[in-house]
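Read the structure below first, then the notes.
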Amino acid sequence: MNLAATLRRRATETPAHPAILFEGATISYGELDARASALAHALRGHGIGPGDRVALYLPNVPDFAVGYYAAQLLGAVTVSINAIFKAVEVEYLLSDSGAAVVLTLAELAGHVPRERCPALRHVLVCDAAAGAAPAGTESLADWLAAVPAQAGPLEPVERRSDDPASLLYSSGTTGFPKGVTLTQHNIATNVATAAAASGYRADDRLALFLPLFHVYGQNYILNGAVHAGATVALFRRFVPDAVLDAIERERITMFFGVPTIFIGLLGMDLSKRDLSSIRYEMSAASTMPEEVSRRWTERFGRRIFEGYGLTECSPFAAYNDAVEHRFGSVGRAVEGFEIAIHDEAGGERPRGEWGEIVIRGPGVMAGYWNRPAETAEALRDGWLHSGDIGRMDSEGYVFIVDRVKDMINVSGFKVWPAEVEQYLYRMPGVHECAVYGIPDPVKDEQVAVALVATPGSGLTGQQVIDWCREHLAAYKVPVRVDVVAELPKSATGKLLKRVLREQAAAAPTASKKD
(Lines give C-alpha, C1' and ligand atoms only; values in the text may rest on other atoms or scores of the structure.)
Protein backbone atom coordinates (compact mmCIF):
# COMPACT_ATOMS: atom_id res chain seq x y z
CA MET A 1 0.00 0.00 0.00
CA ASN A 2 1.02 3.65 -0.39
CA LEU A 3 -0.84 6.79 0.68
CA ALA A 4 0.10 8.52 -2.57
CA ALA A 5 -1.83 5.92 -4.57
CA THR A 6 -5.03 7.79 -3.73
CA LEU A 7 -3.72 10.97 -5.34
CA ARG A 8 -2.61 8.98 -8.40
CA ARG A 9 -6.08 7.45 -8.69
CA ARG A 10 -7.73 10.88 -8.53
CA ALA A 11 -5.30 12.25 -11.10
CA THR A 12 -6.13 9.38 -13.43
CA GLU A 13 -9.91 9.52 -12.99
CA THR A 14 -10.49 13.29 -12.78
CA PRO A 15 -7.26 15.01 -13.89
CA ALA A 16 -8.89 18.41 -14.52
CA HIS A 17 -10.83 18.57 -11.25
CA PRO A 18 -9.48 21.25 -8.87
CA ALA A 19 -7.42 19.82 -6.04
CA ILE A 20 -6.16 23.07 -4.47
CA LEU A 21 -7.32 26.67 -4.68
CA PHE A 22 -4.65 29.08 -3.43
CA GLU A 23 -4.41 32.85 -3.69
CA GLY A 24 -6.14 33.05 -7.05
CA ALA A 25 -4.47 29.98 -8.57
CA THR A 26 -6.02 26.56 -9.22
CA ILE A 27 -4.04 23.33 -9.13
CA SER A 28 -5.83 20.37 -10.66
CA TYR A 29 -5.47 16.79 -9.51
CA GLY A 30 -3.48 16.00 -12.62
CA GLU A 31 -1.11 18.90 -11.96
CA LEU A 32 -0.70 18.10 -8.25
CA ASP A 33 0.21 14.51 -9.06
CA ALA A 34 2.61 15.60 -11.81
CA ARG A 35 4.39 18.02 -9.47
CA ALA A 36 4.64 15.40 -6.72
CA SER A 37 5.96 12.84 -9.20
CA ALA A 38 8.59 15.23 -10.56
CA LEU A 39 9.78 16.06 -7.04
CA ALA A 40 9.85 12.36 -6.15
CA HIS A 41 12.10 11.70 -9.16
CA ALA A 42 14.38 14.53 -8.02
CA LEU A 43 14.50 13.27 -4.45
CA ARG A 44 15.28 9.75 -5.60
CA GLY A 45 18.04 11.14 -7.81
CA HIS A 46 19.60 12.61 -4.67
CA GLY A 47 19.52 9.34 -2.77
CA ILE A 48 16.18 9.59 -0.93
CA GLY A 49 14.30 6.32 -0.69
CA PRO A 50 11.96 4.18 1.42
CA GLY A 51 12.14 4.91 5.14
CA ASP A 52 14.19 8.11 4.76
CA ARG A 53 12.78 11.12 6.55
CA VAL A 54 11.76 14.14 4.48
CA ALA A 55 11.04 17.21 6.59
CA LEU A 56 8.46 19.80 5.56
CA TYR A 57 9.33 23.13 7.18
CA LEU A 58 6.68 25.03 5.28
CA PRO A 59 3.61 27.17 5.95
CA ASN A 60 0.25 26.47 4.30
CA VAL A 61 1.39 26.69 0.69
CA PRO A 62 0.86 24.19 -2.15
CA ASP A 63 4.50 23.07 -1.89
CA PHE A 64 3.58 21.38 1.39
CA ALA A 65 1.11 19.09 -0.39
CA VAL A 66 3.55 18.52 -3.26
CA GLY A 67 6.36 17.61 -0.84
CA TYR A 68 4.10 15.40 1.24
CA TYR A 69 2.90 13.29 -1.67
CA ALA A 70 6.35 13.19 -3.29
CA ALA A 71 7.80 11.69 -0.13
CA GLN A 72 4.93 9.21 0.10
CA LEU A 73 5.46 8.14 -3.52
CA LEU A 74 9.00 7.13 -2.56
CA GLY A 75 7.93 5.34 0.60
CA ALA A 76 9.74 7.99 2.64
CA VAL A 77 8.48 9.34 5.98
CA THR A 78 7.30 12.93 6.18
CA VAL A 79 8.33 15.04 9.19
CA SER A 80 6.12 18.08 9.80
CA ILE A 81 7.71 21.20 11.33
CA ASN A 82 5.78 24.24 12.53
CA ALA A 83 6.63 27.14 10.20
CA ILE A 84 6.88 29.58 13.12
CA PHE A 85 9.65 27.53 14.78
CA LYS A 86 13.10 29.08 15.01
CA ALA A 87 16.57 27.54 14.79
CA VAL A 88 16.73 25.78 18.17
CA GLU A 89 13.31 24.16 17.70
CA VAL A 90 14.01 23.22 14.07
CA GLU A 91 17.36 21.71 15.05
CA TYR A 92 15.72 19.52 17.67
CA LEU A 93 13.10 18.09 15.27
CA LEU A 94 15.55 17.56 12.42
CA SER A 95 18.07 15.85 14.71
CA ASP A 96 15.48 13.76 16.55
CA SER A 97 13.91 12.51 13.32
CA GLY A 98 17.20 12.06 11.47
CA ALA A 99 15.77 13.88 8.45
CA ALA A 100 17.91 13.60 5.33
CA VAL A 101 16.32 16.53 3.50
CA VAL A 102 14.20 19.50 4.49
CA LEU A 103 11.89 21.41 2.17
CA THR A 104 11.45 25.06 3.12
CA LEU A 105 11.11 28.63 1.85
CA ALA A 106 13.84 31.23 1.42
CA GLU A 107 12.51 33.28 4.35
CA LEU A 108 12.78 30.24 6.65
CA ALA A 109 16.02 28.70 5.38
CA GLY A 110 18.10 30.78 7.78
CA HIS A 111 16.50 28.90 10.69
CA VAL A 112 17.81 25.54 9.46
CA PRO A 113 21.10 24.87 11.33
CA ARG A 114 22.46 22.40 8.81
CA GLU A 115 25.88 22.18 10.45
CA ARG A 116 24.31 20.93 13.71
CA CYS A 117 22.12 18.26 12.09
CA PRO A 118 24.50 15.43 11.08
CA ALA A 119 21.90 13.40 9.15
CA LEU A 120 20.73 16.35 7.08
CA ARG A 121 22.11 16.23 3.54
CA HIS A 122 19.99 18.76 1.66
CA VAL A 123 18.17 22.02 2.44
CA LEU A 124 15.83 22.42 -0.50
CA VAL A 125 14.30 25.88 -1.04
CA CYS A 126 10.97 25.65 -2.84
CA ASP A 127 10.59 29.31 -3.83
CA ALA A 128 14.14 30.04 -4.99
CA ALA A 129 14.68 30.68 -8.69
CA ALA A 130 17.08 28.45 -10.61
CA GLY A 131 20.64 29.26 -9.59
CA ALA A 132 19.47 31.63 -6.86
CA ALA A 133 19.26 29.49 -3.71
CA PRO A 134 20.47 31.11 -0.47
CA ALA A 135 23.95 30.15 0.67
CA GLY A 136 24.12 26.61 2.03
CA THR A 137 20.87 25.55 0.34
CA GLU A 138 19.72 24.17 -2.99
CA SER A 139 16.93 25.32 -5.28
CA LEU A 140 13.95 23.10 -6.01
CA ALA A 141 13.89 24.66 -9.50
CA ASP A 142 17.43 23.38 -10.14
CA TRP A 143 16.52 19.92 -8.90
CA LEU A 144 13.45 19.74 -11.12
CA ALA A 145 15.35 21.01 -14.16
CA ALA A 146 17.66 18.00 -13.85
CA VAL A 147 14.79 15.48 -14.00
CA PRO A 148 14.69 13.91 -17.49
CA ALA A 149 11.66 15.00 -19.51
CA GLN A 150 10.88 11.38 -20.32
CA ALA A 151 10.83 10.34 -16.63
CA GLY A 152 7.04 10.10 -16.56
CA PRO A 153 4.90 9.43 -13.49
CA LEU A 154 6.76 7.67 -10.69
CA GLU A 155 4.93 4.57 -9.53
CA PRO A 156 4.18 4.56 -5.79
CA VAL A 157 6.66 2.39 -3.90
CA GLU A 158 4.88 -0.51 -2.26
CA ARG A 159 4.95 -0.33 1.54
CA ARG A 160 3.75 -2.64 4.29
CA SER A 161 0.74 -1.51 6.26
CA ASP A 162 2.84 -1.12 9.43
CA ASP A 163 5.60 0.92 7.77
CA PRO A 164 5.93 4.48 9.13
CA ALA A 165 4.45 7.11 6.84
CA SER A 166 4.52 10.28 8.91
CA LEU A 167 6.08 11.81 12.02
CA LEU A 168 4.01 14.52 13.66
CA TYR A 169 5.49 16.01 16.80
CA SER A 170 3.52 16.49 19.99
CA SER A 171 3.21 20.03 21.30
CA GLY A 172 5.84 19.44 23.95
CA THR A 173 3.83 21.05 26.77
CA THR A 174 5.18 18.50 29.25
CA GLY A 175 8.75 18.34 27.94
CA PHE A 176 10.56 17.94 24.62
CA PRO A 177 8.27 17.20 21.66
CA LYS A 178 7.84 13.53 20.82
CA GLY A 179 7.60 12.23 17.27
CA VAL A 180 4.28 10.44 16.88
CA THR A 181 4.87 7.63 14.40
CA LEU A 182 1.84 7.06 12.19
CA THR A 183 1.86 4.13 9.80
CA GLN A 184 0.43 3.70 6.33
CA HIS A 185 -2.47 1.76 7.83
CA ASN A 186 -3.04 4.30 10.63
CA ILE A 187 -3.48 7.17 8.20
CA ALA A 188 -5.28 5.36 5.37
CA THR A 189 -7.98 3.92 7.62
CA ASN A 190 -8.41 7.11 9.64
CA VAL A 191 -8.72 9.29 6.56
CA ALA A 192 -11.38 7.00 5.10
CA THR A 193 -13.32 7.06 8.37
CA ALA A 194 -13.08 10.86 8.59
CA ALA A 195 -14.25 11.40 5.02
CA ALA A 196 -17.20 9.07 5.55
CA ALA A 197 -18.22 10.64 8.87
CA SER A 198 -18.11 14.19 7.53
CA GLY A 199 -19.75 13.15 4.28
CA TYR A 200 -17.13 14.50 1.87
CA ARG A 201 -18.24 14.71 -1.75
CA ALA A 202 -16.21 15.33 -4.89
CA ASP A 203 -18.04 18.63 -5.42
CA ASP A 204 -17.16 19.89 -1.93
CA ARG A 205 -14.75 22.73 -1.30
CA LEU A 206 -13.06 22.48 2.09
CA ALA A 207 -11.62 25.54 3.84
CA LEU A 208 -8.10 24.69 5.06
CA PHE A 209 -6.55 27.46 7.15
CA LEU A 210 -5.57 25.19 10.05
CA PRO A 211 -1.83 24.47 9.87
CA LEU A 212 -0.78 21.62 7.64
CA PHE A 213 1.95 20.60 10.07
CA HIS A 214 -0.86 19.59 12.48
CA VAL A 215 -2.67 16.27 12.21
CA TYR A 216 -6.12 17.89 11.90
CA GLY A 217 -5.20 19.92 8.83
CA GLN A 218 -2.94 17.28 7.33
CA ASN A 219 -4.99 14.12 7.71
CA TYR A 220 -8.60 15.04 8.37
CA ILE A 221 -8.79 17.86 5.82
CA LEU A 222 -6.03 17.53 3.17
CA ASN A 223 -5.77 13.75 3.00
CA GLY A 224 -9.52 13.43 3.55
CA ALA A 225 -10.24 15.74 0.63
CA VAL A 226 -7.90 13.82 -1.68
CA HIS A 227 -9.51 10.56 -0.57
CA ALA A 228 -12.89 11.93 -1.69
CA GLY A 229 -11.62 13.77 -4.77
CA ALA A 230 -12.80 17.08 -3.28
CA THR A 231 -11.20 20.53 -3.49
CA VAL A 232 -9.17 22.25 -0.77
CA ALA A 233 -9.31 26.04 -0.50
CA LEU A 234 -5.91 26.63 1.09
CA PHE A 235 -5.07 29.66 3.25
CA ARG A 236 -1.74 30.58 4.83
CA ARG A 237 -3.54 31.25 8.12
CA PHE A 238 -6.93 32.20 9.50
CA VAL A 239 -7.62 35.84 8.69
CA PRO A 240 -11.39 36.20 9.23
CA ASP A 241 -12.24 38.68 6.49
CA ALA A 242 -10.02 36.94 3.92
CA VAL A 243 -11.58 33.57 4.69
CA LEU A 244 -15.12 35.00 4.64
CA ASP A 245 -14.39 36.68 1.29
CA ALA A 246 -13.21 33.35 -0.11
CA ILE A 247 -16.30 31.53 1.16
CA GLU A 248 -18.43 33.94 -0.84
CA ARG A 249 -16.16 34.00 -3.92
CA GLU A 250 -15.26 30.30 -4.13
CA ARG A 251 -18.55 28.97 -2.72
CA ILE A 252 -16.80 26.94 -0.04
CA THR A 253 -19.04 24.22 1.36
CA MET A 254 -17.20 22.85 4.42
CA PHE A 255 -15.66 24.86 7.25
CA PHE A 256 -13.23 23.32 9.77
CA GLY A 257 -12.07 25.15 12.86
CA VAL A 258 -11.22 25.03 16.53
CA PRO A 259 -13.37 26.48 19.33
CA THR A 260 -11.54 29.81 19.46
CA ILE A 261 -12.31 30.43 15.78
CA PHE A 262 -16.03 29.80 16.27
CA ILE A 263 -15.98 32.04 19.35
CA GLY A 264 -14.37 34.79 17.29
CA LEU A 265 -16.94 34.48 14.52
CA LEU A 266 -19.79 34.67 17.03
CA GLY A 267 -18.41 38.06 18.02
CA MET A 268 -18.55 39.39 14.44
CA ASP A 269 -21.37 40.97 12.49
CA LEU A 270 -21.93 38.48 9.66
CA SER A 271 -25.34 39.81 8.59
CA LYS A 272 -24.02 41.18 5.29
CA ARG A 273 -22.07 38.07 4.40
CA ASP A 274 -23.36 35.46 1.98
CA LEU A 275 -22.40 32.22 3.68
CA SER A 276 -25.19 30.19 2.11
CA SER A 277 -22.74 27.82 0.38
CA ILE A 278 -21.60 26.39 3.74
CA ARG A 279 -23.38 23.12 4.48
CA TYR A 280 -21.13 21.74 7.23
CA GLU A 281 -19.05 23.03 10.13
CA MET A 282 -16.75 21.01 12.33
CA SER A 283 -14.68 21.75 15.44
CA ALA A 284 -11.86 19.63 16.84
CA ALA A 285 -8.38 19.83 18.45
CA SER A 286 -9.82 21.34 21.65
CA THR A 287 -13.01 20.95 23.66
CA MET A 288 -15.92 23.07 22.43
CA PRO A 289 -17.69 24.88 25.31
CA GLU A 290 -21.32 23.74 25.35
CA GLU A 291 -22.63 27.31 25.59
CA VAL A 292 -20.70 28.34 22.46
CA SER A 293 -22.08 25.37 20.52
CA ARG A 294 -25.63 26.23 21.58
CA ARG A 295 -25.22 29.89 20.61
CA TRP A 296 -23.93 28.89 17.18
CA THR A 297 -26.90 26.60 16.59
CA GLU A 298 -29.36 29.28 17.72
CA ARG A 299 -27.77 31.87 15.44
CA PHE A 300 -27.18 29.84 12.28
CA GLY A 301 -29.76 27.08 12.57
CA ARG A 302 -27.30 24.20 12.30
CA ARG A 303 -25.05 22.43 14.74
CA ILE A 304 -21.27 22.30 14.79
CA PHE A 305 -20.13 18.72 14.39
CA GLU A 306 -17.36 17.80 16.80
CA GLY A 307 -14.50 15.36 16.52
CA TYR A 308 -12.25 14.03 19.23
CA GLY A 309 -8.92 12.32 19.15
CA LEU A 310 -5.20 12.90 19.45
CA THR A 311 -2.24 13.07 17.12
CA GLU A 312 -1.49 9.63 18.56
CA CYS A 313 -4.63 8.19 16.95
CA SER A 314 -4.29 9.84 13.53
CA PRO A 315 -6.41 11.74 14.97
CA PHE A 316 -10.08 10.74 14.62
CA ALA A 317 -11.53 8.54 17.39
CA ALA A 318 -14.96 9.98 18.33
CA TYR A 319 -17.63 12.00 16.57
CA ASN A 320 -20.67 14.00 17.66
CA ASP A 321 -22.60 12.70 15.75
CA ALA A 322 -24.14 11.62 12.47
CA VAL A 323 -27.16 10.08 14.21
CA GLU A 324 -27.89 12.16 17.31
CA HIS A 325 -26.04 15.29 18.38
CA ARG A 326 -25.62 15.90 22.11
CA PHE A 327 -24.47 19.30 23.29
CA GLY A 328 -21.41 19.16 25.49
CA SER A 329 -20.27 15.76 24.19
CA VAL A 330 -17.52 14.85 21.76
CA GLY A 331 -19.70 11.95 20.64
CA ARG A 332 -19.18 8.23 20.40
CA ALA A 333 -16.31 6.07 19.17
CA VAL A 334 -16.11 5.96 15.38
CA GLU A 335 -16.01 2.77 13.33
CA GLY A 336 -13.24 0.42 14.40
CA PHE A 337 -12.44 2.32 17.61
CA GLU A 338 -13.21 1.60 21.24
CA ILE A 339 -13.22 4.19 24.01
CA ALA A 340 -13.33 3.46 27.74
CA ILE A 341 -12.95 5.37 30.99
CA HIS A 342 -10.28 3.94 33.28
CA ASP A 343 -9.26 4.59 36.87
CA GLU A 344 -5.65 5.04 37.96
CA ALA A 345 -5.20 1.28 38.39
CA GLY A 346 -6.35 0.57 34.83
CA GLY A 347 -9.81 -0.69 35.73
CA GLU A 348 -12.89 0.45 33.85
CA ARG A 349 -15.01 3.06 35.58
CA PRO A 350 -18.82 2.72 35.75
CA ARG A 351 -20.83 4.72 33.25
CA GLY A 352 -21.30 8.31 34.39
CA GLU A 353 -18.18 8.39 36.56
CA TRP A 354 -15.08 10.26 35.47
CA GLY A 355 -11.62 8.86 34.82
CA GLU A 356 -8.96 8.83 32.11
CA ILE A 357 -10.12 8.39 28.53
CA VAL A 358 -8.38 5.43 26.87
CA ILE A 359 -8.60 4.52 23.20
CA ARG A 360 -7.83 1.61 20.93
CA GLY A 361 -8.38 1.18 17.23
CA PRO A 362 -6.73 1.15 13.80
CA GLY A 363 -5.55 4.75 13.98
CA VAL A 364 -3.53 4.36 17.19
CA MET A 365 0.13 5.14 16.57
CA ALA A 366 2.95 2.65 16.31
CA GLY A 367 4.68 4.58 19.09
CA TYR A 368 6.90 7.58 19.77
CA TRP A 369 9.91 7.81 17.47
CA ASN A 370 12.93 6.24 19.21
CA ARG A 371 11.29 6.56 22.64
CA PRO A 372 10.45 3.03 23.84
CA ALA A 373 9.92 3.98 27.50
CA GLU A 374 7.45 6.77 26.69
CA THR A 375 5.73 4.53 24.15
CA ALA A 376 5.27 1.86 26.82
CA GLU A 377 3.83 4.47 29.19
CA ALA A 378 1.31 5.72 26.61
CA LEU A 379 0.33 2.31 25.20
CA ARG A 380 -0.59 0.03 28.08
CA ASP A 381 -2.55 -3.21 27.87
CA GLY A 382 -3.58 -2.42 24.32
CA TRP A 383 -4.98 1.02 25.18
CA LEU A 384 -3.71 4.48 24.29
CA HIS A 385 -3.84 6.59 27.44
CA SER A 386 -5.00 10.03 26.36
CA GLY A 387 -4.25 12.15 29.42
CA ASP A 388 -7.80 13.50 29.10
CA ILE A 389 -10.30 13.16 31.91
CA GLY A 390 -13.88 12.39 30.92
CA ARG A 391 -17.00 10.38 31.54
CA MET A 392 -19.26 8.26 29.33
CA ASP A 393 -23.03 8.06 29.47
CA SER A 394 -25.13 4.94 29.12
CA GLU A 395 -25.19 5.19 25.31
CA GLY A 396 -21.47 5.64 24.86
CA TYR A 397 -21.35 9.42 24.45
CA VAL A 398 -18.10 10.82 25.84
CA PHE A 399 -17.95 14.09 27.78
CA ILE A 400 -14.54 15.68 28.34
CA VAL A 401 -13.92 16.96 31.84
CA ASP A 402 -10.42 18.33 31.25
CA ARG A 403 -6.76 17.50 30.78
CA VAL A 404 -5.09 15.73 33.69
CA LYS A 405 -2.29 18.29 33.71
CA ASP A 406 -4.72 21.24 33.85
CA MET A 407 -6.55 20.06 36.97
CA ILE A 408 -6.33 22.59 39.83
CA ASN A 409 -5.86 21.29 43.39
CA VAL A 410 -7.43 23.70 45.90
CA SER A 411 -6.89 22.40 49.44
CA GLY A 412 -7.37 18.86 48.16
CA PHE A 413 -10.48 19.72 46.13
CA LYS A 414 -10.23 19.05 42.40
CA VAL A 415 -11.25 21.95 40.13
CA TRP A 416 -11.57 21.19 36.44
CA PRO A 417 -10.98 24.42 34.45
CA ALA A 418 -13.41 23.39 31.71
CA GLU A 419 -16.26 23.23 34.24
CA VAL A 420 -15.62 26.79 35.43
CA GLU A 421 -15.23 27.97 31.82
CA GLN A 422 -18.62 26.50 30.94
CA TYR A 423 -20.24 28.66 33.64
CA LEU A 424 -18.29 31.76 32.65
CA TYR A 425 -19.53 31.52 29.08
CA ARG A 426 -23.06 31.94 30.45
CA MET A 427 -22.13 35.28 32.03
CA PRO A 428 -23.12 38.34 29.99
CA GLY A 429 -20.06 40.19 28.76
CA VAL A 430 -17.70 37.18 28.57
CA HIS A 431 -16.51 36.70 25.00
CA GLU A 432 -13.65 34.24 25.57
CA CYS A 433 -12.05 32.86 28.71
CA ALA A 434 -9.40 30.55 30.10
CA VAL A 435 -9.25 29.15 33.64
CA TYR A 436 -5.93 27.97 35.08
CA GLY A 437 -4.23 27.31 38.40
CA ILE A 438 -1.75 29.50 40.26
CA PRO A 439 0.38 28.45 43.27
CA ASP A 440 -0.83 29.23 46.78
CA PRO A 441 1.30 28.69 49.92
CA VAL A 442 -1.68 27.60 52.03
CA LYS A 443 -4.14 25.94 49.61
CA ASP A 444 -1.56 24.49 47.17
CA GLU A 445 -3.31 26.16 44.23
CA GLN A 446 -6.02 28.72 43.56
CA VAL A 447 -8.20 29.41 40.55
CA ALA A 448 -7.29 32.23 38.13
CA VAL A 449 -9.09 33.51 35.03
CA ALA A 450 -8.01 35.42 31.96
CA LEU A 451 -10.81 36.62 29.73
CA VAL A 452 -11.68 38.80 26.79
CA ALA A 453 -14.77 40.92 27.40
CA THR A 454 -17.48 41.58 24.83
CA PRO A 455 -16.82 45.04 23.36
CA GLY A 456 -18.78 47.71 25.19
CA SER A 457 -19.70 45.48 28.13
CA GLY A 458 -17.41 47.23 30.61
CA LEU A 459 -16.90 43.92 32.38
CA THR A 460 -14.52 44.01 35.35
CA GLY A 461 -12.63 41.35 37.22
CA GLN A 462 -14.56 42.01 40.41
CA GLN A 463 -17.86 41.48 38.61
CA VAL A 464 -16.60 38.09 37.41
CA ILE A 465 -15.57 37.09 40.93
CA ASP A 466 -18.93 38.19 42.33
CA TRP A 467 -20.79 36.24 39.63
CA CYS A 468 -18.74 33.11 40.37
CA ARG A 469 -19.43 33.44 44.10
CA GLU A 470 -23.13 33.38 43.29
CA HIS A 471 -23.00 30.35 41.01
CA LEU A 472 -20.06 28.17 42.11
CA ALA A 473 -18.74 26.47 45.22
CA ALA A 474 -16.33 28.66 47.15
CA TYR A 475 -13.21 26.66 46.25
CA LYS A 476 -13.94 27.11 42.52
CA VAL A 477 -14.21 30.91 42.74
CA PRO A 478 -11.20 32.67 41.13
CA VAL A 479 -8.93 34.80 43.27
CA ARG A 480 -7.46 36.48 40.21
CA VAL A 481 -9.24 37.73 37.08
CA ASP A 482 -7.41 39.47 34.25
CA VAL A 483 -9.49 41.16 31.57
CA VAL A 484 -7.21 41.19 28.54
CA ALA A 485 -7.29 42.19 24.88
CA GLU A 486 -6.54 38.65 23.69
CA LEU A 487 -5.60 35.24 25.02
CA PRO A 488 -2.36 33.48 24.06
CA LYS A 489 -2.93 30.72 21.50
CA SER A 490 -0.91 28.16 19.60
CA ALA A 491 -0.73 27.99 15.82
CA THR A 492 -3.68 25.60 15.91
CA GLY A 493 -5.80 27.99 17.98
CA LYS A 494 -5.46 26.15 21.30
CA LEU A 495 -5.39 28.30 24.42
CA LEU A 496 -1.92 28.30 25.96
CA LYS A 497 -2.59 28.02 29.67
CA ARG A 498 1.10 27.41 30.23
CA VAL A 499 1.75 30.97 29.06
CA LEU A 500 -0.96 32.31 31.37
CA ARG A 501 0.64 30.52 34.32
CA GLU A 502 4.03 31.99 33.40
CA GLN A 503 2.56 35.49 33.09
CA ALA A 504 0.83 35.17 36.46
CA ALA A 505 4.06 33.99 38.09
CA ALA A 506 5.82 37.09 36.76
CA ALA A 507 3.26 39.31 38.56
CA PRO A 508 2.50 37.40 41.79
CA THR A 509 1.24 40.37 43.78
CA ALA A 510 -1.85 40.97 41.65
CA SER A 511 -4.83 39.25 43.27
CA LYS A 512 -7.36 40.55 40.83
CA LYS A 513 -7.20 42.91 37.92
CA ASP A 514 -9.68 44.84 35.80
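The values are calculated or read from the model by the stated rules, or taken from the named source; none is laboratory data. Here the structure is a predicted model, which is why all the values come from computation and not from measurement. Note: ideal-geometry Cβ built from the backbone for every residue, glycine included; neighbour counts use all protein chains shown.
Here is how the numbers come out for the structure above:
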quantity: Filter pass, GLY352 being under 18 Å from ASP402 (Cβ atoms), surrounded by fewer than 16 Cβ atoms within 10 Å (Cβ to Cβ) and out of contact with any Leu (no Cβ under 9 Å at 6 or more places or on another chain); calculated: yes
quantity: Selection within region 192-217 - in a loop (DSSP other than H, G, I, E, B), closer than 18 Å to LEU3 by Cβ, at pLDDT 95 or above and of a type outside the set (Phe, Trp, Tyr); calculated: LEU212
quantity: Answer residue from region 192-224, given it is crowded, with 24+ Cβ neighbours inside 10 Å and free of Cβ contacts under 8 Å to residues at least 40 places away in the same chain and is farthest from the chain's Cα centre (by Cα) among those; calculated: GLY224
quantity: Subset of region 312-322 that is surrounded by 21 or more Cβ atoms within 10 Å (Cβ to Cβ) and on the phi < 0 side of the Ramachandran plot - its residue that is nearest to the chain's Cα centre (by Cα); calculated: PRO315
quantity: Checklist (1) touching a residue at least 40 places away in the same chain (Cβ under 8 Å); (2) surrounded by fewer than 17 Cβ atoms within 10 Å (Cβ to Cβ); (3) assigned to a helix (DSSP H, G or I) applied to GLU158, failing item; calculated: (3)
quantity: Residue list for region 89-127, restricted to those being surrounded by fewer than 16 Cβ atoms within 10 Å (Cβ to Cβ) and of a type in the set (Ser, Thr, Tyr); calculated: SER95
quantity: Search result, residues across region 323-349 that are crowded, with 17+ Cβ neighbours inside 10 Å and on the phi > 0 side of the Ramachandran plot; calculated: GLY328, GLY331
quantity: Matching strands (runs of 3 or more DSSP E) fully within region 397-473 where at least 1 residues are in contact (Cβ under 8 Å) with a residue 12 or more places away in the chain and over 30 Å from VAL334 (Cα atoms); calculated: 408-410, 413-415, 430-440, 444-453
quantity: Selected residue (criterion: nearest to LEU43 (Cα to Cα)) from residues of region 105-140 that are charged (D, E, K, R) and assigned to a helix (DSSP H, G or I); calculated: ARG114
quantity: Selection within region 182-191 - outside any strand (DSSP E or B) and over 17 Å from the mean Cα position of the chain (by Cα); calculated: GLN184, HIS185, ALA188, THR189
quantity: Leading residue by the ranking (nearest to SER198 (Cα to Cα)) among those in region 240-282 that are at pLDDT below 95 and among the hydroxyl-bearing types (Ser, Thr, Tyr); calculated: THR260
quantity: Neighbours by Cβ (under 7 Å, 6+ apart or cross-chain): first from region 11-25, closer than 20 Å to GLY152 by Cα; second part of a helix (DSSP H, G or I) and not aliphatic (A, V, I, L, M); calculated: ALA11/TYR29; ALA11/GLY30; ALA11/ASP33; THR14/TYR29; PRO15/TYR29; PRO15/GLY30; ALA16/GLY30
quantity: Single unsatisfied condition, PRO439 versus (1) within 30 Å of ILE339 (Cα to Cα); (2) surrounded by fewer than 16 Cβ atoms within 10 Å (Cβ to Cβ); calculated: (1)
quantity: Sole exception among (1) touching a strand residue (DSSP E or B) at 6+ places or on another chain (Cβ under 6 Å); (2) more than 26 Å from GLY110 (Cβ to Cβ) for ALA202, by number; calculated: (1)
quantity: Candidates ARG273, ARG279, filtered to the one that is over 29 Å from GLY387 (Cβ atoms), surrounded by fewer than 20 Cβ atoms within 10 Å (Cβ to Cβ), among the basic types (Lys, Arg) and in contact with a helix residue (DSSP H, G or I) (Cβ under 7 Å, 6 or more places away or on another chain); calculated: ARG273
quantity: Output for region 247-259, where each listed residue is more than 26 Å from THR104 (Cα to Cα) and either in a strand (DSSP E or B) or not acidic (Asp, Glu) (or both); calculated: ILE247, ARG249, ARG251, ILE252, THR253, MET254, PHE255, VAL258, PRO259
